[in-house]
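Heads up: the structure comes next, in C-alpha cells.
Read the figures in this text as sums done on the coordinates, not as results from a lab. Predicted model only: the values in this text are computed from it and were never measured. Methodologically, a virtual Cβ is constructed for each residue, glycine included, from the backbone with ideal geometry; neighbour enumeration extends over all protein chains shown.
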Amino acid sequence: MAKESKFSDLNIQDYSNFDFVGFNIISDSNIEYGKVSRVLGSNITSLLEVEYLEKSYLIPINNAFIICIDKERETITVKNIEEISSL
C-alpha cells in the first residue's frame, strides 16, 4: 500500500529540498502535469518549480494548493493544477 499523506497532516520540515525533485505533479483526477525540477525557498514559503510542455511554473508548498504527497509513488496531487499550469 502506498504511503500517502494529506498535506494538512504533514510537517513540511520533514522534507528537504531534494525530496520533491523528480516527483510527478498530478491533478485530483490523476492527470500528470509535469515533474518537479527544483525547490525554491524563501523566508515566507517554498515553491515547487515544475517543468511541463517545454515551460515551467511555480506551486507554493502549502495546503491551499497541495492536496497530498505520495512518497512511494513520488507524486504530489495539486488543487486546480489545470489553471496553474496554463498561466
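Taking label positions 7 Å along the Cα-Cβ direction at both residue 53 and residue 40, the computed distance is 2.0 nm, reported to one decimal. Taken one residue at a time, the phi angles of region 66-78 give Karplus couplings (6.51, -1.76, 1.60, θ = phi - 60°) of 8, 8, 7, 10, 10, 5, 5, 7, 6, 10, 10, 8, 10 Hz. Gly and Pro are set to x. Modelled spin labels at residue 30 and residue 73, positioned 7 Å past Cα toward Cβ, are 0.7 nm from each other. Counting only Cβ charges, +1 for Lys and Arg and -1 for Asp and Glu, the dipole size of region 23-84 around its Cα centre is about 200 debye.
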